[in-house]
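> One structure is given below, represented as structure tokens, and several questions about it will come after.
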Amino acid sequence: MLDAFWIFLVALAGGLCPLAIRWSDRKLHAALALSTGIFLGAVFLHLLPQLPGADIVAHGDHTHGHSHGPMGPWLLVLLGVMGVYLIENLVFHTHDSDDLHHHKTIGYAAWAGLGVHALTAGIAYSLAAQIDETHAKALFIAIVAHKGFEAFSLTNVLQLAEMKKRRLAILAIVFALVTPFGILVGEQLFELLGQTGQQNMMAVAAGTFLYVSLCELLTEVFHRREDAILKLVLLAAGIGLMVLAAVLEQAGH
């Protein structure tokens with residue numbers, strides 16, 4: 001219970017921090033570069049490696065000379081990519097100059113995808129705490145290490161849609177509650193979803209992040225040439241933070 005509370009506080013602080021800062025458009029896009037690096041690190045270092053067959057894809061099947069792995073989760077990654085694209089361009093598309101609709105769609109897609117990731121992290125921690133205390137402590141450190149950064153990044157992305165601070169605060173609070181919710185009811189959720197169900201959710205979330213990070217956020221960050229070097233440095237720093245979180249997570253296995 002205490003661990004869930006600390007995770008909530010870290011995520012809440014990260015999510016509300018951007019609301020205490022007055023952002024100019026130039027500063028917001030610089031901060032968005034850091035957030036994009038964090039998102040890219042999250043999808044490639046945390047979400048995709050958890051899918052079935054990821055280790056086979058990475059190392060190859062030396063016995064048969066080529067890779068074999070379950071196709072289903074990777075099709076769901078593709079579904080996540082195409083789903084966000086089609087929703088953005090067919091459902092919410094109005095006209096090319098309507099940036100607010102565009103940014104709002106991307107923001108909610110990122111919020112939903114990151115929420116799924118946060119929920120499964122909570123379930124995993126709940127089960128680890130019941131099985132192996134050492135593993136659970138390492139997993140707790142890994143969750144705390146990136147939860148605040150992800151919450152910070154999520155609020156930055158949502159700010160592009162020029163939402164009111166009240167709505168942003170509500171979304172930040174709800175997101176901060178997701179992982180503690182997963183921890184508190186982890187055993188029941190695991191029985192309800194099963195391992196396959198969780199993996200399928202993670203696959204769709206990974207596809208969502210893949211599209212949002214590569215096709216939308218990177219384009220948004222660099223659509224102006226100003227501060228290009230600073231943005232590259234912040235992008236690399238965001239990825240570096242997720243590398244550190246991944247190393248901490250691996251240390252627990």
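> Tell me which trypsin sites (Lys or Arg not before Pro) from the stretch 1-53 have a DSSP coil assignment and no more than 10 other beta carbons within 10 Å of their own.
Taking the stretch 1-53 and a limit of 10 other Cβ atoms within 10 Å, the loop trypsin sites (Lys or Arg not before Pro) found are 22.
> For a Förster distance of 22 Å, can you work out the FRET efficiency between the beta-carbons of residue 141 and residue 237, rounded to the nearest 0.05?
Calculated transfer efficiency: 0.65.
> Filter the GluC sites (Glu not before Pro) in the stretch 127-225 to those in DSSP coil with at most 16 other Cβ atoms within 10 Å of their Cβ, and list the result.
Here the sparse-neighbourhood loop sites are 162.
> Measure up 104/164; 137/231; 164/231 against 23 Å on the Cα-Cα distance and list the ones that go over.
137/231; 164/231
> With each label point set 7 Å from Cα along the Cα-Cβ vector, what nm distance links residue 230 and residue 166?
Inter-label distance under the simple model: 3.3 nm.
> I've got another one for you. So how far apart, in nm, are the two label points at residue 185 and residue 28 if each is 7 Å from Cα heading toward Cβ?
Once both label points are built, they end up 3.5 nm from each other.
> What FRET efficiency comes out for the pair residue 9/residue 244, r = Cβ-Cβ distance, R0 = 22 Å, nearest 0.05?
Here the calculated transfer efficiency is 0.60.
Only the coordinates and a few stated rules stand behind these numbers; no lab work does. No experiment lies behind these values; they were computed from the predicted model shown. Because the Cβ atoms are built from the backbone with ideal geometry, glycine has one as well, and the counts that use them run over all protein chains shown.
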